[in-house]
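K.L.:
Please find one structure pasted underneath; my questions will follow.
The values are calculated or read from the model by the stated rules, or taken from the named source; none is laboratory data. Just so we're clear, the structure is a prediction, and the values are computed from it rather than from any experiment. Every residue, glycine as well, gets a Cβ built from its backbone with ideal geometry; the counts of neighbours run over all protein chains shown. Surface accessibility is based on the protein's heavy atoms, side chains included, excluding ligands, DNA and RNA. Shrake-Rupley method; radii C 1.70, N 1.55, O 1.52, S 1.80 Å.
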Amino acid sequence: QDHVCSLPKVPFRGAPCSDAAGSQVPYATIMKQVNSSLSGVLWDEVQKAPFYEYKDSVGQFHQVWFDDPHSISLKAAYVKSRGLRGIGMWNGNSLDYSREAVAEQQTQAMWQALTP
């Protein structure tokens, strides 16, 4: 099927399928890799999250899911609309804190998205 990535079943705290089958990718890598990916940025309406697909140097298919300012802002707005007490972001240290202008803009946009 299009855009379906099957994870191998790796036991992790009793879950049949988990992130134990994948790995974390820094946001800087994602932002550089997405433009040369097979798919470009795709959007999952159920998860309200972007993802993209690529093949590595040996032809292995990969799918990378991530948050961007748009998906973060949707989640932050949901928290606010429900009167919840807060929101957290997983691994803010994975953002690109280099002094490159594009990286600074992307990182600032991610942090700003947390406050709707």
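K.L.:
Which value, in debye to the nearest 20, describes the size of the charge dipole of the range 19-114 about its Cα centre when Lys and Arg Cβ atoms bear +1, Asp and Glu Cβ atoms bear -1, and nothing else is charged?
P.N.:
That gives a dipole near 380 debye.
K.L.:
Below 11 angstrom from the Cβ of Leu114, what's the summed charge of the other residues (Lys, Arg +1; Asp, Glu -1)?
P.N.:
With Lys, Arg at +1 and Asp, Glu at -1, the neighbours total +1.
K.L.:
What accessible area per residue, rounded to a whole number of Å², is obtained for the range 19-114 using a probe radius of 1.4 Å?
P.N.:
Per residue, the range 19-114 has an accessible area of 66 Å².
K.L.:
On to the next question. Tell me the trypsin sites (Lys or Arg not before Pro) within the range 44-79 that lie in a loop according to DSSP and have at most 16 other beta-carbon atoms within 10 Å.
P.N.:
Counting only loop positions with at most 16 other Cβ atoms within 10 Å, the trypsin sites (Lys or Arg not before Pro) in the range 44-79 are Lys48.
K.L.:
State the answer as a single residue: which of Ser71, Gly59, Gly22 lies farthest towards the positive end of the charge dipole of the range 19-114, with beta carbon charges of +1 for Lys and Arg and -1 for Asp and Glu, about the Cα centre.
P.N.:
Among Ser71, Gly59, Gly22, the one farthest towards the positive end of the dipole of the range 19-114 is Ser71.
K.L.:
Counting only protein heavy atoms and a 1.4 Å probe, tell me what percentage of the range 19-114's accessible area is made up of carbon and sulfur.
P.N.:
53 percent
K.L.:
Follow-up question, since we're still on this one. What nm distance separates the two modelled labels at Gln112 and Asn91, each placed 7 Å from Cα along Cα→Cβ?
P.N.:
2.5 nm
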